[in-house]
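Throughout, read-outs are computed from the coordinates displayed, never taken from laboratory work. In this text the structure is predicted, and so the values were computed from the model without any measurement. Please note: Cβ atoms are built from the backbone with ideal geometry, for glycine as well, and neighbour counts cover all protein chains shown.
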2 protein chains.
Amino acid sequence: MNDRLEGFDSIFYPKSHAVIGASADLSKFGGRYLRVLLGFGYPGKVFPVNPKESEILELKAYPSVTDIPEEVDFATISVPAPAVPQVVEDCLAKGVKAAQILTSGFREMSAEGEKLEMAISNTAAKGIRVVGPNCFGVYCPAGGVTILPGGDLPKESGPVAFISQSGGYGIRVPRRAYGWGIRFSKVISYGNACDVNECDLLEYLGQDEETRIITAYLEGVKDGPRFFQLLKEISRVKPVILFKGGLTQGGARAVNSHTGSLGGQEEVWNAVFKQTNAIRANNLEELLDTMLAFMHLEPKPERKVCAMGGGGAITVTAADICDRLGVSLPLFSKEMEKKLLPNIPAVGASARNPVDMGSPGPPPHMVKAVMETVLGDGVVNTIIIDEIESAASNPDGPMAKLLIETKEKFDTPIIIVLPVEAVALEFLERESNRRKSRDYYLSEGIPVFLTLDRAVRALANLDNYYQRREALSSPA
Amino acid sequence: MNDRLEGFDSIFYPKSHAVIGASADLSKFGGRYLRVLLGFGYPGKVFPVNPKESEILELKAYPSVTDIPEEVDFATISVPAPAVPQVVEDCLAKGVKAAQILTSGFREMSAEGEKLEMAISNTAAKGIRVVGPNCFGVYCPAGGVTILPGGDLPKESGPVAFISQSGGYGIRVPRRAYGWGIRFSKVISYGNACDVNECDLLEYLGQDEETRIITAYLEGVKDGPRFFQLLKEISRVKPVILFKGGLTQGGARAVNSHTGSLGGQEEVWNAVFKQTNAIRANNLEELLDTMLAFMHLEPKPERKVCAMGGGGAITVTAADICDRLGVSLPLFSKEMEKKLLPNIPAVGASARNPVDMGSPGPPPHMVKAVMETVLGDGVVNTIIIDEIESAASNPDGPMAKLLIETKEKFDTPIIIVLPVEAVALEFLERESNRRKSRDYYLSEGIPVFLTLDRAVRALANLDNYYQRREALSSPA
């Protein structure tokens, strides 16, 4: 293991844990963190540190980390900014391997804060890894630790890691992803990166066996050349999906108030994406959608999609979207059209690709016949079910079963688009059924998206990644 | 009134209504249409026509339209395609002013169907207006008529008209828009346009006093020069928002199976949008969002937005989006920043624009102080509240009241972004609260969008429209 990665296991799987600035007062970050950590079921020993208390939440409290009589592997620090450098010194003296600093008010705020932060960096260089300051910490369910305020995050691990320069997204992304069945190996809000930075995290996750898909929200990068090199190397073995904030001039200005990094330079980033094969997500939605695609879909040497919808405009829209995003909808032969025609309504439908099933609620036997015909023939190898109402209305109904059976029978990916169609307050039960159906599909390895546009974008991101990886790895 | 528009009032406000092909059998379109029309509360006389029945749904049935002893203003036709031309002849003979043909299987299907359709066009030219064939008909709440299968559409009218070449979107758009509080003056699914076409409808709606905002989903256009001229003229007085399907090659192919029109030619359409000042919606979501913006927001000679969010990444993302879409977030002066600083948290926040309120749930008094400071100073004239949790969690809470009071007090637009944050099944109650909050804002004239990206796109569409309208109307 690289020197830069020493101490990282203590961040994610701490054997024991000091909470410095712990308090019974939940209005304080240190108070909230202690409560959340205990509630999350952290399995190691926890040592609250607070000079004014002898006991917090039924745990013995210590005046300083150096007063703790046992070994301390990891520390969470939440004391006022001016006190942080000394606390980090104390941790180093105590032999703590790594720490996370939740406190804000450093480089992102003032020149004085920047000095404090430099002092911390200097201490870190002497032998303690530091995450933060100005961060929400680390979530690693296998290590029993969670990010602030993520006491509600699942205890179950998953294949996705998320590196976030933003604390807000550090909690928002796993929370929102939860409803889509996306589970995480690690989430790291790393804030100002006075020691552990995006490069270190990328390198660690590149080697991490728990992580199959790396994702990140970044504002700035400390060491451009190293970052570029790592992105390129890791992208050869694992997908790295990046949402880069602050690419515009206005965004770069906001980045400066947020994490004190330099954003901007959109052209540079365009080149980075192109040359490293990192996957670009243009917003939070695309980041989540692309995670979902990589979780459930395998690469195909040649993607050939059949899109099925009910209604002409749906299929016109589908054709436009696939064409724009470079996803192939093969033209069906006249023979194929002839085979399909008896299986769709005689009027108001179309046996071309996309297949127009004539109405938003086609009977399952028709959908089955069309899927079996096109898959049996091998003319396509992926099915998109686009806004077919019966796929959303009843998770126990015949349509849901049929889709799952077809996926198994042909060992072929099926992608489902289930929009929130009934957005009025009085239709909450329909939304409940939609969510039940979605969860059923997800549990069977079928990704579900909110719009066709988002589904096809995620699919295109996946296919482009694997195609370019293949091209980059073959001898020129 | 133009000759081309004769008989149009009979389409939207029919004094009496024959349903030809009516049936008690709900599996038939004619059966469903009759049921829906009666259920919708159509106020005029209804005459079912079916040679095999003497009474349908307690109404006397007639063998043919010509057997009806009273005047018939409008007819809905749902008989097999080969029988349609004679039925239209009969309607003309009876003096019916206008008809809609729900039946499919014409030009969009076969050469034979095309011949039948030409026969209908010829009859129409003799003095009866025909909507369709291959359509779902017309919804006009003020006239008591509804589109198929729109028995559930609201009876309340609104300022938006929607012209749809697609029957599917003809019903989907008003249904989905319903939950966003968007109400319609007229929705027309006009199908193959054998007589009444998109130009006629555009011209009619341009003059229609019930219609303030014209919107359309189009695949092809029959008379390019007339369409162009109308778009240009009407855009001078009312916004016309177009979602054009089939712009790509693949989409154009699908258009041909759907409505038998010619799609494609993206460059041509780019020029049409530019030269006419019609507003382009790139998908169904943008169409709905832009309707919402035009419903609730007034033009500003110079839009100056303050975006407020909780968390650095939210504000970085907001700055990127506004920069990309050309929406101005004015830089605050040092004095303004000084005035704002006491009203936001001392650390982890930012008094620049976008304003970072430090956390996703800032207390209402801070939000109030920031809004009053920036609005009172006049440095901005529009507020965007971006994903502030307390704005969504409680429609009766202080944050909701505060936002509405501020809008009134400063007579300034407020735009709210309320994402569906808790997408898991078990969080349905949070979604219920979100919908309640949204409905409250909408009822007070505050538009609510699902993402900031969608909000800013809709705002940019509105501002670009009015700015260009101003520029086009001033002497060069």
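In chain A, the DSSP beta bridges split such that about 15 percent are antiparallel, to the nearest 5.
Copy-to-copy label distances for residue B:409, where each label lies 7 Å from Cα along Cα-to-Cβ, are 6.5 nm in order of increasing length.
What is the distance in Å between the Cα centres of the range A:320-385 and the range B:339-359? Taking the Cα centre of the range B:339-359 as reference, the centre of the range A:320-385 is 54 Å away. For the pair the range A:146-224 / the range B:392-417, the C-alpha centres are spaced 34 Å from each other. Taking amide H as placed 1.01 Å from N in the peptide plane, residue A:56 has its amide H under 5 Å from the amide H of A:61, each at least 5 places away in sequence or on another chain. The string of couplings for the range A:217-234 from the Karplus curve (6.51, -1.76, 1.60, θ = phi - 60°) is 10, 10, 10, x, 10, 6, 10, x, x, 5, 4, 4, 4, 5, 4, 5, 5, 5 Hz, one whole number per residue in order, with x for Gly and Pro.
The alpha-carbon positions of the protein assembly as shown define a convex hull whose volume is 175 Å³ per residue. The charge dipole of the range B:176-332, taken about its Cα centre with unit charges on the Cβ atoms of Lys, Arg (+1), Asp and Glu (-1) only, comes to about 240 debye.
With respect to chain B, whose longest principal axis is taken over its alpha-carbon atoms, helix B:312-325 is tilted by about 50°. A Förster distance of 25 Å, applied to the separation of the beta-carbon atoms of residue A:249 and residue A:125, puts the FRET efficiency at 0.10.
Modelled spin-label separation between residue A:70 and residue A:432, with each label point placed 7 Å from Cα along the Cα-to-Cβ direction: 4.6 nm. Selection among B:416, B:360, B:466 by position relative to the dipole of the range B:298-472 gives B:466 as farthest towards the positive end (Cβ unit charges, Cα centre). If you count the DSSP beta bridges with both ends in the range A:140-285, what percent of them are antiparallel, to the nearest 5? Of those bridges, close to 5 percent are antiparallel. Peptides A:221-229, A:90-98, B:133-141, B:267-275 ranked from most to least packed give B:133-141, A:90-98, A:221-229, B:267-275, packing being the mean of other C-beta atoms within 10 angstrom over each peptide's residues. Rounded to the nearest 20, the Cβ-based charge dipole of the protein assembly as shown about its Cα centre (Lys and Arg +1, Asp and Glu -1) stands at 540 debye.
In this simple spin-label model, placing a label point 7 Å from the Cα along the Cα-to-Cβ direction at both residue A:377 and residue B:45 gives a separation of 5.4 nm. Considering all C-alpha pairs of chain B, those separated by over 31 Å amount to 49%. Using the alpha-carbon positions of the range A:313-357, Rg (one decimal) and Dmax (whole number) come out as 11.1, 31 Å. Here the relative contact order of the range A:299-472, from alpha carbon pairs under 8 Å that lie six or more residues apart, stands at 24 percent.
In units of the rule-of-thumb radius 2.2 N^0.38 Å, the range B:298-472 shows an alpha carbon radius of gyration of 0.99.
Once R0 is set to 51 Å, what does the formula 1/(1 + (r/R0)^6) return for the Cβ-Cβ distance between residue A:237 and residue B:5, expressed as a FRET efficiency to the nearest 0.05? After rounding, the FRET efficiency stands at 0.20. For the range A:299-472, the tally of Lys pairs with Cα-Cα distances below 14 Å comes to 6, considering only residues 8 or more apart or on different chains. Taken residue by residue and averaged, Cβ atoms of other chains lying within 10 Å of the Cβ of A:422-430 number 5. Remark: label point of residue B:270 defined 7 Å out from Cα along the Cα-Cβ vector; separations to the same position in other copies 1.5 nm, ascending. Based on Cα contacts under 8 Å between residues 6+ apart, chain B shows a relative contact order of 10 percent. The mean number of partner chain beta-carbon atoms within 10 angstrom of a residue's beta-carbon across peptide A:174-181 is 4.
Annotation: the antiparallel percentage among DSSP beta bridges lying fully within the range B:298-472 is about 5.
Per-residue ellipticity at 222 nm, computed for chain A from helices alone with -39500 (n - 2.57) per DSSP H run of at least four residues, works out to -13000 deg cm²/dmol. Indicate the gyration tensor shape class of the range A:147-249 (rounded, prolate or oblate), computed on the Cα atoms with a ≥ b ≥ c the square roots of the eigenvalues: a/c under 1.5 is rounded; otherwise a/b larger than b/c is prolate and the rest oblate. Oblate shape, in that a/c is at least 1.5 and b/c is the bigger or equal ratio.
A point 7 Å from Cα along Cα→Cβ stands in for residue B:342, and the other copies hold the same point at 8.3 nm, listed in rising order.
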